[in-house]
Amino acid sequence: MKYAFGEFREGLLIAFTAIRANKMRSVLTALGIIIGIVSVTLMGTAIEGLNRAFNKSIAAIGADVLYVQKWPWGGGEDWWKIRNRKDILIQQARAVEKQAEFARSVSPAAGARRQAKYNQKVLENVVIVGTNADFLTTLGVNVEFGRFFTSAEDDGGRPVCAIGSEVAANLFTNENPLGKTIKLGSGNYKIVGVIEKQGSILGMESLDNRAYIPINRFFKNFQSRFGGIQIMVKAISMKDLDEAKEEVRGIMRKARGLHPKQADDFAINQQEMIIQTFNTIGVVIAGVGLFITGLSLFVGGIGIMNIMFVSVTERTKEIGIRMAIGAPRRTILQQFLMESAALCLMGGVIGLMISFPLSLIIDQILPTAMPLSIVAIAILVSLFVGLVSGFLPAFRASRLDPVDALRYE
Amino acid sequence: MDTVIRLNNITKIYHVGSEDVHALQSVSLEIHKNEYVAIMGPSGSGKSTLMNIVGCLDTPTSGLYELNKTNVSEMNDNQLARIRNKEIGFVFQTFNLLARSDVLHNVELPLIYGGVSSSERKKMAREAIGRVGLTERIHHKPNELSGGQRQRVAIARALVTQPSILLADEPTGNLDSKTGDEIMALFDTLQKEGNTIILVTHEEYIAEHTDRIIRLRDGNIESDQAVQNKRVAVTTGKIG
Ligand SMILES: Nc1ncnc2c1ncn2[C@@H]1O[C@H](COP(=O)(O)OP(=O)(O)O)[C@@H](O)[C@H]1O
Ligand SMILES: [Mg+2]
């Protein structure tokens with residue numbers, strides 16, 4: 001044990017002396033490793049960030065909610081064909097609402113972007129959503145204070161609204177918004193409630209910059225009854241989702257008058273599809289990242305091997321001296337392996353030192369943190385590359401003939 | 001007297017291209033404990049080859065080599081490394097110190113490979129450095145020392161493991177004659193203290209420090225004689 005330790009320390013000492021003696025050369029040699037480690041850690045950080053953002057925002061879509069829409073998520077079909085589909089209409093939503101047995105609740109939704117105004121304060125591009133009183137159940141959303149509008153208010157097409165937290169915060173700084181009247185587009189609406197904060201979908205569209213009004217009111221102020229809407233169907237439970245989907249499909253086909261040979265002219269979208277699309281994106285990012293990482297580590301490894309051969313040749317005499325005073329071949333092998341491992345490890349650490357501040361920058365755009373596992377992997381990978389690429393040179397060093405090595409000038 | 005080295009019909013053949021070079025034809029000799037031996041002979045006569053075999057840096061093509069009654073000629077690389085570490089102290093013409101390490105570390109090195117603990121190592125190395133009179137230079141690098149001082153460091157490194165034999169291949173070959181004399185005085189002292197020493201030299205006046213001169217020619221022992229009028233060291237072995 002003691003024996004191994006003295007040698008180990010000597011090996012470390014030699015490695016660091018050698019690296020220090022050739023600082024510039026060492027850093028240049030380790031460049032491939034540095035780039036590899038930077039790319040693998042940044043990729044890991046980015047994927048971590050995407051996952052976090054995704055998991056947070058995808059929750060708003062609801063895993064057990066079906067979205068009956070004109071456009072399929074994820075695309076793939078002929079754009080023009082879809083474009084020319086007939087709109088989904090409110091009667092179809094009513095049909096689904098009435099007939100679907102596997103649905104816990106059904107909400108139609110139509111949207112428009114308008115100005116919201118209260119006293120002198122103006123908020124542009126607020127999304128006005130026309131829906132029914134079941135909206136909260138369908139999407140699993142809660143009211144922060146006040147209430148949502150009732151079915152009676154919906155049926156009567158009353159000018160009431162529930163506003164998103166962002167709208168509330170922007171229009172009412174020191175006032176209680178409940179009971180106040182705001183202008184949405186050209187109509188006046190009385191605020192009955194404020195919806196709790198929901199965040200955004202994939203960091204793009206805020207879900208809180210919205211105002212919800214009865215859909216029957218929406219048809220008066222923003223679009224006709226024959227304008228396109230979407231239908232959201234919450235299944236009774238997660239395990240009924242597939243059956244609910246088939247059922248809704250049947251109801252929709254009937255409501256839209258399709259005969260059996262015709263294909264669906266609507267899409268039933270669900271969270272699952274986004275997850276799939278997202279996973280594909282994740283795989284692509286990981287693939288590209290791993291390719292860059294692999295390539296730079298490979299090139300870096302070759303560079304390390306090359307420089308280690310140079311180092312062995314330069315130090316042939318030293319190897320001879322060490323052998324002459326009793327270093328066994330194994331020790332020489334170990335010494336050069338440690339040197340190349342130390343070189344790569346240095347590259348790895350420099351790589352981490354570069355990518356850590358970069359990960360903080362990424363964090364500004366996409367809330368994330370460099371995963372600890374990635375740091376560990378980076379260290380292990382650079383050690384591994386060092387050992388692999390150092391092996392041949394180290395082996396050559398250890399096989400030198402002591403007399404020849406001593407004679408080398 | 002104890003036999004330290006026994007060589008029986010040692011041959012060494014180098015293959016150079018299609019040619020065989022018989023560096024040692026058939027060498028047999030015995031060296032006893034505390035002997036002081038010089039090996040002489042013209043260039044290319046096989047002196048270094050013999051020293052390398054005795055020092056276990058090289059293995060003979062055939063023949064028997066016993067070191068302290070153990071057969072060395074059959075040992076593998078690892079066993080030879082161990083013998084070099086424990087039993088042999090080698091001093092070279094070109095000193096062969098590690099340029100980037102200071103005196104202390106150079107002298108410590110055999111003990112590191114010998115698995116001696118750090119504190120023990122430092123103690124032994126300091127003592128050996130003291131014996132060659134370089135205590136003041138303990139943290140100097142080789143390039144801050146004169147040739148004579150470097151050779152003293154090499155001798156300290158050879159001594160530090162308390163080996164069975166000290167081997168020196170032309171130890172004064174790179175030194176001026178005055179410095180050479182000083183190194184020889186050091187060897188004289190070490191021999192008097194009980195070490196067994198074999199050294200290679202070209203110079204009669206160096207060889208005359210020893211008790212026995214073995215002359216080689218074309219890989220054979222030409223003569224093996226006791227020294228008649230032994231030269232006595234003029235300077236003392238310890239010079240700071
Ligand atoms: N590694 C080697 N390969 C081929 N020939 C060698 C080698 N080492 C020594 N020789 C040859 O062996 C002979 C003895 O060499 P050496 O022992 O070095 O002589 P000396 O030290 O007496 O000058 C010489 O002819 C030399 O050329
Ligand atoms: Mg020679």
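No lab work stands behind these numbers, since they all come straight from the coordinates. Given the structure is predicted, the values throughout are model-derived calculations rather than measurements. So basically every Cβ, Gly included, is an ideal-geometry build from the backbone, and we count neighbours across all protein chains shown.
Would you list which aspartates and glutamates come within 19 Å of A:LYS183, measuring only between C-alpha atoms, while excluding same-chain residues fewer than 8 positions from it?
A:GLU124, A:GLU153, A:ASP154, A:GLU166, A:GLU175, A:ASP208
Once the other residues with Cβ under 9 Å from the Cβ of B:LEU29 are scored (Lys, Arg +1; Asp, Glu -1), what is the net sum?
So the surrounding residues net to -1.
Give the average, rounded to an integer, of partner chain Cβ atoms located within 10 angstrom of each Cβ in B:43-55.
1
Sum -39500 (n - 2.57) across every DSSP H segment of at least 4 residues in chain A, then divide by the residue count to get the 222 nm mean residue ellipticity, nearest 500.
-19000 deg cm²/dmol
Would you mind checking the pairs A:LYS70/A:LYS190; A:LYS220/A:LYS245; A:LYS98/A:LYS254 and listing those with alpha carbons more than 20 angstrom apart?
Values: A:LYS70/A:LYS190 32 Å; A:LYS220/A:LYS245 31 Å; A:LYS98/A:LYS254 13 Å.
Table pairs above 20 Å Cα-Cα are A:LYS70/A:LYS190; A:LYS220/A:LYS245.
Could you work out, residue by residue across B:113-124, how many beta carbons of other chains sit within 10 Å of that residue's beta carbon, and then give the average as an integer?
3
What is chain B's relative contact order, in percent, from Cα pairs under 8 angstrom and six or more apart in sequence?
It comes to 26 percent, rounded to a whole number.
Regarding chain B, what is the average projected area of its C-alpha convex hull, in nm²?
Values: hull surface 52.7 nm².
So the Cα hull casts an average projection of 13.2 nm².
May I have the pair-distance distribution P(r) for the range A:1-98, computed from all Cα-Cα distances with 5 Å bins from 0 and rounded to whole percent?
Histogram of Cα-Cα distances, whole percents per bin: 2, 8, 8, 9, 9, 9, 8, 7, 6, 5, 5, 5, 5, 4, 4, 4, 2, 0.
Calculated FRET efficiency, A:SER200 and A:ASN279, Cβ-Cβ r, R0 25 Å, to nearest 0.05?
0.75
Arranged from highest to lowest average of other beta-carbon atoms within 10 Å per residue, in what order do the peptides B:149-159, A:209-219 appear? Write down the numbers at each step before the final one.
Working: B:149-159: 25.8, A:209-219: 23.5.
So the peptides B:149-159, A:209-219, ranked by packing, come out B:149-159, A:209-219.
So what is the diffusion coefficient of the range A:275-406 in µm² per second by Stokes-Einstein at 10 °C and 1.306 mPa s, using a Kirkwood Rh over Cα pairs?
Rounded, D is 94 µm²/s.
Taking 4 °C and 1.567 mPa s as the conditions, I'd like the Stokes-Einstein D for the range A:194-292 in µm²/s, using the Kirkwood hydrodynamic radius from alpha carbon pairs.
Values: Rh = 17.6 Å.
Result for D is 73 µm²/s.
Using DSSP, restrict attention to beta bridges with both residues in chain B and report what percent are antiparallel, rounded to the nearest 5.
60
Under the definition of partner shielding as Cβ atoms of other protein chains within 10 Å of a residue Cβ, what is the mean value for peptide B:76-84?
If you average over the peptide's residues, the count of other-chain Cβ atoms is 4.
Just order A:231-237, B:126-132, B:176-182 by mean Cβ neighbour count inside 10 Å, highest at the front, would you? Walk me through the numbers on the way to the answer.
Values: A:231-237: 22.4, B:126-132: 20.0, B:176-182: 16.6.
Listed from highest to lowest mean packing, they are A:231-237, B:126-132, B:176-182.
Regarding the range A:244-347, what is the average projected area of its C-alpha convex hull, in nm²? Please list the in-between numbers first.
Details: hull surface 49.6 nm².
Across all orientations, the range A:244-347 yields a mean hull projection of 12.4 nm².
Which net charge results when you count Lys and Arg as +1 and Asp and Glu as -1 among the other residues whose beta-carbon is under 13 Å from that of A:PHE395?
Result for the local shell: +4.
Pull out the extension gain between A:ALA169 and A:ALA63, defined as 0.36 nm times the separation in residues minus the alpha carbon to alpha carbon distance; nm, one decimal.
Computed gain between A:ALA169 and A:ALA63 is 35.3 nm.
How about the range B:27-120: which GluC sites (Glu not before Pro) there are in a DSSP loop, with at most 10 other Cβ atoms within 10 Å of their Cβ?
Sparse-neighbourhood loop GluC sites (Glu not before Pro): B:GLU74.
What FRET efficiency, computed as 1/(1 + (r/R0)^6) with R0 = 22 Å and r the Cβ-Cβ distance, is obtained for A:ILE82 and A:GLN115, rounded to the nearest 0.05?
0.10
For A:LEU387 and A:GLU243, FRET efficiency with R0 = 60 Å and r from the beta-carbon atoms, rounded to 0.05?
The value I calculate is 0.60.
Starting from one equal scatterer on each C-alpha and no solvent at all, send me the Debye-based log10 I(q)/I(0) for the range B:130-180 at q = 0.25, 0.32 Å⁻¹, two decimals.
Taking Cα atoms of the range B:130-180 as identical point scatterers yields -1.07, -1.29.
Would you list, by chain and number, the lysines whose Cα falls below 24 Å from the Cα of B:LYS69, excluding same-chain residues fewer than 8 positions away?
Counting by Cα, and skipping residues close in sequence, B:LYS69 has these lysines nearby: B:LYS12, B:LYS33, B:LYS47, B:LYS86, B:LYS192.
So what are the radius of gyration and Dmax for the Cα set of the range B:121-240, in Å?
My reading of the Cα-based Rg and Dmax gives 14.8, 45 Å.
Give the dimensionless ratio obtained when the Cα radius of gyration of the range A:105-165 is divided by 2.2 N^0.38 Å.
In units of the globular-protein estimate, the range A:105-165 measures up at 1.19.
Could you pull the Cα extents of the range A:86-265 along its three principal axes, largest to smallest, in whole Å?
58, 33, 33
Under 11 Å from the Cβ of A:PHE102, count the other residues' Cβ atoms, weight Lys and Arg +1, Asp and Glu -1, and hand me the total.
-3
In what order do A:ILE34, A:ILE285 fall by count of nearby beta-carbon atoms within 10 Å, going from fewest to most?
A:ILE285, A:ILE34
Quick one: compute the contact order of chain A, relative version, from alpha carbon pairs under 8 angstrom and 6+ residues apart, as a percent. The partial results should precede the final answer.
On the way: 706 pairs, mean separation 119.1, N = 409.
The value is 29 percent.
Using only the alpha carbons, work out the radius of gyration and Dmax of chain A in angstrom.
Here Rg and the maximum Cα pair distance are 32.9, 104 Å.
Which three semi-axes in whole Å describe the equivalent ellipsoid of the range B:182-234, each the square root of 5 times a Cα gyration tensor eigenvalue, listed largest first?
That gives 21, 12, 10 Å for the three semi-axes.
Can you compute the radius of gyration and Dmax for the range A:303-344, using only the Cα atoms, both in Å?
Rg and Dmax of the range A:303-344, Cα atoms, are 10.5, 31 Å.
How would B:VAL72, A:VAL141 line up from fewest to most surrounding beta-carbon atoms within 10 angstrom?
So the residues, fewest neighbours to most, are A:VAL141, B:VAL72.
Arrange the peptides A:308-318, A:271-281 so that the one whose residues have, on average, the most other Cβ atoms within 10 Å appears first. Could the numbers behind the result be given before it?
Values: A:308-318: 18.8, A:271-281: 14.4.
Sorting A:308-318, A:271-281 by mean packing, highest first, produces A:308-318, A:271-281.
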